Amino acid sequence: QVQLVESGGGLVQPGGSLRFSCAASGRISSIYTMGWYRQAPGKQRELVCAITGGGRTNYADSVKGRFTISRDNAKNTVYLEMNSLRPEDTAVYYCNAKWATMSYWGQGTQVTVSS
């Protein structure tokens, strides 16, 4: 079993920045792909970005150039730095750890981008 605990999030003005972290514990290792998803009201959960154990990254087109995902395998922690935030980035953000058929989720943290 894997537990994911997120921290960060909150209210920010358009153009602002936020940084998340997600600490994994339990039966986790660097082979897991770690990612961030988000779900806005009335919409399906979508992939924001992901990073493999080897550091290969993947971003949704809507966040390319604004968001950066990174990980520290020694600490089993993944980070998400979000810059140039827009109102459409408002959502609940979820950390995910995935390997083979196993997929684990964090509790979610709210991000609101509003003036």
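The values are calculated or read from the model by the stated rules, or taken from the named source; none is laboratory data. Just so it is clear, the model here is predicted, and its values are computed rather than measured. Heads up, the Cβs are rebuilt from the backbone with ideal geometry, glycines too, and the neighbour counts pull from every protein chain shown. Ligands, DNA and RNA are stripped out before the accessible areas are found, and what is left, the full protein with its side chains, is counted by its heavy atoms. Shrake-Rupley method; radii C 1.70, N 1.55, O 1.52, S 1.80 Å.
Worth pointing out:
- Sites count as exposed loop sites when they are trypsin sites (Lys or Arg not before Pro), lie in a DSSP loop, and have at most 13 other Cβ atoms within 10 angstrom; the longest stretch of the chain without one is 76-115.
- Accessible area per residue for the chain, computed on protein heavy atoms with a 1.4 Å probe, is 53 Å².
- Between amide H atoms placed 1.01 Å from N, distances below 5 Å from ARG86 occur with GLY15, all of them 5 or more places distant or on a separate chain.
- The phi-based Karplus calculation (6.51 cos²θ - 1.76 cosθ + 1.60; θ = phi - 60°) puts the 3J(HN,Hα) values of the range 3-15 at 10, 10, 10, 9, 9, x, x, x, 9, 9, 7, x, x Hz, whole numbers, x for Gly and Pro.
- A Cβ-based charge dipole, computed about the Cα centre of the range 21-112 with Lys and Arg at +1 and Asp and Glu at -1, lands at about 160 debye.
- For the chain: relative contact order, % (alpha-carbon pairs under 8 angstrom, 6 or more apart): 36 percent
- Normalised convex hull volume, the chain, alpha-carbon set, Å³ per residue: 94 Å³
- Surface share of carbon and sulfur [accessible, 1.4 angstrom probe, percent] for the range 1-109: 48 percent
- Taking 18 Å as the straight-line reach from the Cα of LYS75, the aspartates and glutamates in range (excluding those fewer than 8 positions away in the same chain) are GLU6.
- Reachable lysines, given that their alpha-carbon falls under 21 Å from the alpha-carbon of LYS64 and they are not under 8 places away in the same chain: LYS43
- No Cys partner within the rule (Cβ under 4.7 Å), the chain: CYS49
- Between the residues SER30, TYR59, SER17, the greatest Cα displacement towards the positive end of the dipole of the range 1-89, with unit charges on the Cβ of Lys, Arg, Asp and Glu, is found for SER30.
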